[in-house]
Amino acid sequence: MSESVLLFPSLVPLFAQTTSNAALYTFVLYTAAVFVVAGFSNKLLQSRSFVSEYFLGSRGLGMWAFALTFAATSASGGSFTGFPSLVYTYGWIVALWIASYMVVPICAMGLLGKRLNHVARISGSITVPDVARDRFHSPGLGVLSMSLIIFFMTVNLVAQFKAGAVILQSLLRDVEIFQSLATIPLFEGVNSQYLVCLLLFAVSVIVYTTYGGFHAVVWTDVLQGFVMVAGVLIMLPLAISQAGGLESASRQLAEMTPPRTGTIKVALTEPAKNAMVIPAGTWLVMPSDRYLDEFQQWKGPEQQRLAQALQRGELTQGQYQRLEQALEKRDDEIKQGPPYRLFRVVHQSVIAQGQTAPRARNGEGQLIEAAIDAVELTTPAQIVDQLEKQRDHALRAAQAQLVDVDNDLAALDSSANEQREQLLRRKEHLNERIAALESKERFHENPLLLNYPFVVSQPQMRDYVTGAHEKGHYVSGPGPHSTEVLGFLPLSLAVSFFFMWAISGAGQPASMVRLMAFKNSITLRRSIFTVAIYYSLIYFPLVVIFVCARVLLPGMEGSADQIMPDAAVFLTHQIGHGWLAGILLAAPFAAVMSTVDSFLLLTSSALVRDVYQRNINPNASEKTIKRLSYLATLLVGTGAAVGAINPPEFLQNIIVYCGSGVAACFLGPIFFAIYWPRTTKQGAILGMLAGFGTHLAMYVLGYFINGSLSRPIWLLGFDPVLVGLAASFLTVWVVSLITPKPPEELVRKYFYKNDDNPAAAQT
Amino acid sequence: MSVTKNDRAAKPEYHPVFLHGRREMVFIVLVYLGALLWTVPYCYLYGYPNQAEDFGPDKLETVLGLPSWVFWGVVVPWIAANVVTTFFCFFFMKDDDLGPPHEGADLAEEIAEMQAREEQGR
């Protein structure tokens, strides 16, 4: 940490050391445990049929293994990063957004589970393309299924590797040795910290998945499943109690008005000897009267900018009107509000040596001239409360530094006069600062003390399109939104999401493979019950935790993806058990790891089983298959990791596209294949293509019409996955009816008790 | 036209796993629809005001600290869904014998077909 930062204690994140140690120990312990599990799993591989064991765990999963691998695979990194950030950003309405998780276990496991497992046992299928191919006796359908899985999973894997590296990066951000990596260029154009995290994440996942196969994936999922639920259950009571109870948290949310986001200019009051760091999360203050003066100068040009944006089609009429109205209301809000405005710095920024002009660090790690991104609180009670918290924070930091200075003075050699003078000057400065911070009245008369040695000017802060200046948005629908006129969750989207989690969850091949792996139907029904309880302990409590986090940690809208680690550290530090943060920080890491390992194995199984064994060399020896399986898992993992070094833009959109697209392709054909004897291979093939094509078309049209991959066409307000699924189901049904009936022997084999069906014959 | 004993004997019976699975699938679809029809309309009617300020701090109604629409529209149906899931798992879903896995059966069939084709080719 630079000397300049140490001089200004209000800028030092107090919890950094706690986080760094907890995160580091957690990561090391956790990785060690994962490798032990992989070692045991590899022993199982030696004693059983290799392909069935490596890709399907010999269809022998018991209740805990099946329930937790299913739950952990479904709960991706998004459950512990994206989802908390949504709750934090939009409030209670996210409870409705996630509500269909109440029926996800029964739908995603019960809808297909028993029959899919049964059909796979009859045919001896190991993979989802196997099931499709065997059920219809159609190599063409097998190849199509395999191609779609490889396409969706490979793209998704790159994105998931990136997500894993980013989460690890956020966990280790305060570890000193890790921070020093920022200045070492390892790979041109790539952030060194990101690269090291990607390497650590990729090596650990690829090694244990390759070495241990399906059982390693399943048992690490179990471990990850326990870590996730433990994290949530520890955080829940801490969050509620520290927010003053749930009633108090809800009332405070009702009081809140959405923040403003934009830029501020930060300059030094005088040139400094060293470069000055303004850490992310620093609070800066500006007097309201000065803010008002600068706002009135900025208001005219901003109104012109809005009008031009409307003309260019960058804003809709509705967005334009809302933003205009918000601008008009802002004068009154500032005049009636507290005498100071409060800003939270979004990204770490640096003011270079000897300069008074600010510089900000962009995503690539290069220094460029820029204003600093910030979030401005608009709720008066929050502004007053946060100022008081920052006073307390700065006071404790200054007192801690005074102790350090006293210790240094005591240890100083009597001949070091120059150093003594420096320390005495610093002590004097700290004493003055402590005196000013100790008196609440004195501080609230002049909170600009918090800014020292910076000065804030030219705030260019923009209002939310939905919810600006209005209370109640965080406790009601459709929720506030910075750009959408209809808010976060209009009715059509609420219906879409209720459908999406429950029904499209059943259409994920990674979940289907697990449905083929449980031991018997007793395991299935006990596991559905277990997952129902498990999800109830995770998803709704996460809503409660991050509603409370909104009260406890205001102003994080600009970096809401950080709310999970920040809340974990904050909550545990407040009770004096910072080490607990390690367990909480492991939860998102565990979640993304459990998703990545499943995708990795799914992709390598498609290559080895569906490409090589089913289409190239059915007579391949077990030894060859074994070598190929290890090689494929290793190569797929390495390829995805290399792809993630410099991932394409719009990666988050690609994750969303892949997750919903794969469901649109597979759910219809597999559902009909196991429940409707009349289904034909033509119906299944065209149904799969219809799901793929419709879903893709809505994204492509969205790109051309809305200008963004993240804004696909919404037919009648419904999400592309719904439309894709509808098209797929309809196509399978219609095409099957108009094509000749399927061969009698196939129908008898999979639907009837007869001698052709060995499984049935034994029933 | 009457069905004789021989006709009945000749007509194959559906596999019990298929019949039970289908019955359970219908039950699940009904549970899903029940959850959808409770949760979304309730939340929309009671949680989406014309003016958000109708949900301001003085007007907000809560149950156990949650906005009342969240409690009745999400928490209560969530509990109900868990009760129904429990009923489904322990009283409705049948314990079926899924049969032994026929590992390699599909490959063996394919190899046999390949050999048959090769013989035909000769």
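The values are calculated or read from the model by the stated rules, or taken from the named source; none is laboratory data. The shown structure was predicted, so the numbers you read here are calculated from the model rather than taken from an experiment. Note: ideal-geometry Cβ built from the backbone for every residue, glycine included; neighbour counts use all protein chains shown. For the accessible areas, the whole protein counts, side chains as well, though only heavy atoms, and no ligand, DNA or RNA atoms are used. Shrake-Rupley method; radii C 1.70, N 1.55, O 1.52, S 1.80 Å.
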Practice item. Scan region A:238-260 and give yes if some residue there is among the basic types (Lys, Arg) and in contact with a Ser or Thr (Cβ under 9 Å, 6 or more places away or on another chain), otherwise no. Key: yes
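Every residue, every condition in (1) within 20 Å of A:GLY281 (Cα to Cα); (2) modelled with pLDDT of 70 or more; (3) open to solvent by less than 10 Å² (accessible area, probe 1.4 Å); (4) in contact with a strand residue (DSSP E or B) (Cβ under 9 Å, 6 or more places away or on another chain), yes or no:
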{"residue": "A:LEU11", "(1), (2), (3), (4)": "yes, no, yes, yes"}
{"residue": "A:GLY57", "(1), (2), (3), (4)": "no, yes, yes, no"}
{"residue": "A:GLY60", "(1), (2), (3), (4)": "no, yes, no, yes"}
{"residue": "A:ALA65", "(1), (2), (3), (4)": "no, yes, yes, yes"}
{"residue": "A:GLY91", "(1), (2), (3), (4)": "no, yes, yes, no"}
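Pick out, from region A:80-141, the helices (runs of 4 or more DSSP H) lying fully within it that include 1 or more residues that are farther than 20 Å from A:TYR534 by Cβ and more than 10 Å from chain B (Cβ to nearest Cβ). Let's see the steps before the verdict.
Values: elements: A:82-90, A:94-97, A:113-123, A:128-136.
Answer list for region A:80-141: A:82-90, A:128-136.
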Exercise for review: Please list, ordered by first then second residue, the pairs with beta carbon atoms under 8 Å, 6 or more apart or interchain, first in region A:447-468 and in a helix (DSSP H, G or I), second of a type in the set (Gly, Ala, Ser).
Suggested key: A:LEU449/A:ALA394; A:LEU449/A:ALA436; A:LEU450/A:SER10; A:LEU450/A:ALA394
Review point. Can you name every residue in region A:547-597 that is open to solvent by less than 20 Å² (accessible area, probe 1.4 Å), among the hydrophobic types (A, V, I, L, M, F, W, C) and outside any helix (DSSP H, G or I)?
Key: A:MET556
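Residues that are among the aliphatic types (A, V, I, L, M), buried (at least 17 other Cβ atoms within 10 Å of the Cβ) and away from chain B (no Cβ under 14 Å): does region A:731-754 have at least one?
As a first pass, look at region A:731-754 and keep what is among the aliphatic types (A, V, I, L, M): A:732, A:734-735, A:737-738, A:746-747.
If we keep only those that are buried (at least 17 other Cβ atoms within 10 Å of the Cβ) too, we end up with A:732, A:735, A:746.
Now restrict to residues that are away from chain B (no Cβ under 14 Å): A:732, A:735.
There is at least one residue in region A:731-754 that is among the aliphatic types (A, V, I, L, M), buried (at least 17 other Cβ atoms within 10 Å of the Cβ) and away from chain B (no Cβ under 14 Å).
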**Study point:** Single unsatisfied condition, B:GLU24 versus (1) at the interface with chain A (Cβ under 8 Å from one of its Cβ atoms); (2) open to solvent by 80 Å² or more (accessible area, probe 1.4 Å); (3) of a type in the set (Asp, Glu)
**Key:** (2)
Revision key, fill the gap. Every listed condition ((1) facing chain A (nearest Cβ under 7 Å); (2) open to solvent by 20 Å² or more (accessible area, probe 1.4 Å); (3) not small (Gly, Ala, Ser)) holds for B:MET93 save (2)
Review point. From the set of residues in region A:677-729 that are of a type in the set (Ser, Thr, Tyr) and under 17 Å from A:VAL662 (Cβ atoms), which is modelled with the lowest pLDDT?
Key: A:TYR699
Practice item. Say whether the condition of being over 30 Å from A:LEU111 (Cα atoms) and either out of contact with any strand residue (DSSP E or B) (no Cβ under 9 Å at 6 or more places or on another chain) or at pLDDT below 95 (or both) is met by at least one residue in region B:10-23. Key: yes
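To keep it simple, each residue is scored yes or no on (1) modelled with pLDDT of 80 or more; (2) loosely packed, with under 15 Cβ neighbours inside 10 Å; (3) within 43 Å of the chain's Cα centre (by Cα).
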| site | (1), (2), (3) |
| --- | --- |
| A:GLU418 | yes, yes, no |
| A:LEU430 | yes, no, yes |
| A:GLU438 | yes, yes, yes |
| A:GLU441 | yes, yes, yes |
| A:VAL456 | yes, no, yes |
| A:VAL465 | yes, no, yes |
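Condition check ((1) in contact with an Asp or Glu (Cβ under 8 Å, 6 or more places away or on another chain); (2) free of Cβ contacts under 8 Å to residues at least 12 places away in the same chain) across all residues:
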| position | (1), (2) |
| --- | --- |
| A:LEU200 | no, no |
| A:ALA230 | no, no |
| A:ARG251 | no, yes |
| A:LYS265 | no, no |
| A:LEU268 | no, no |
| A:ALA280 | no, no |
| A:LEU292 | yes, no |
| A:GLN296 | yes, no |
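Taking the criterion of being aromatic (Phe, Trp, Tyr) and more than 25 Å from the chain's Cα centre (by Cα), would at least one residue in region B:89-97 satisfy it?
No - not one qualifying residue is present in region B:89-97.
Output the number of residues of region A:294-327 satisfying the condition of being out of contact with any helix residue (DSSP H, G or I) (no Cβ under 9 Å at 6 or more places or on another chain) and more than 23 Å from A:GLY707 (Cβ to Cβ).
Here the count works out to 7.
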Review point. Residues of region A:501-517 being assigned to a helix (DSSP H, G or I) and facing another protein chain (nearest Cβ under 10 Å), which ones?
Key: A:ALA502, A:ILE503, A:ALA506
Revision key, fill the gap. For region B:43-81, the count of residues that are crowded, with 21+ Cβ neighbours inside 10 Å, more than 7 Å from chain A (Cβ to nearest Cβ) and more than 28 Å from the chain's Cα centre (by Cα) equals 0
Review point. Hey, A:VAL543 hits all of (1) more than 12 Å from every other protein chain (Cβ to nearest Cβ); (2) open to solvent by less than 10 Å² (accessible area, probe 1.4 Å); (3) more than 15 Å from A:GLY110 (Cβ to Cβ); (4) in a helix (DSSP H, G or I) but one; which does it fall short on?
Key: (1)
Check your understanding: Quick one: how many residues across region A:283-327 are open to solvent by 20 Å² or more (accessible area, probe 1.4 Å) and part of a helix (DSSP H, G or I)?
Key -> 27
Review point. When A:PHE498 is evaluated against the numbered criteria (1) over 22 Å from A:SER594 (Cβ atoms); (2) within 12 Å of another protein chain (Cβ to nearest Cβ); (3) surrounded by fewer than 22 Cβ atoms within 10 Å (Cβ to Cβ), which criterion, by number, is the only one it fails?
Key: (3)
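Have a look at A:ARG330, A:ARG391, A:ARG361 and point out the one that is surrounded by 13 or more Cβ atoms within 10 Å (Cβ to Cβ), at pLDDT below 85 and of a type in the set (D, E, K, R).
Of the residues listed, the single one that is surrounded by 13 or more Cβ atoms within 10 Å (Cβ to Cβ), at pLDDT below 85 and of a type in the set (D, E, K, R) is A:ARG361.
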Check your understanding: Of all residues in region A:518-537, which are more than 10 Å from every other protein chain (Cβ to nearest Cβ) and closer than 25 Å to A:LEU600 by Cα?
Key -> A:TYR534
Review point. Just a yes or no: is a residue in region B:29-38 facing chain A (nearest Cβ under 7 Å), touching a helix residue (DSSP H, G or I) at 6+ places or on another chain (Cβ under 9 Å) and either in contact (Cβ under 8 Å) with a residue 24 or more places away in the chain or open to solvent by 50 Å² or more (accessible area, probe 1.4 Å) (or both)?
Key: yes
Point to revise | Filtered residues of region A:669-694 (kept if within 14 Å of chain B (Cβ to nearest Cβ) and assigned to a helix (DSSP H, G or I)) | key: A:ILE670, A:PHE671, A:PHE672, A:ALA673, A:ILE674, A:TYR675
Practice item. Could you please let me know if A:LEU686 is open to solvent by 40 Å² or more (accessible area, probe 1.4 Å) and within 30 Å of A:ALA75 (Cα to Cα)? Key: no
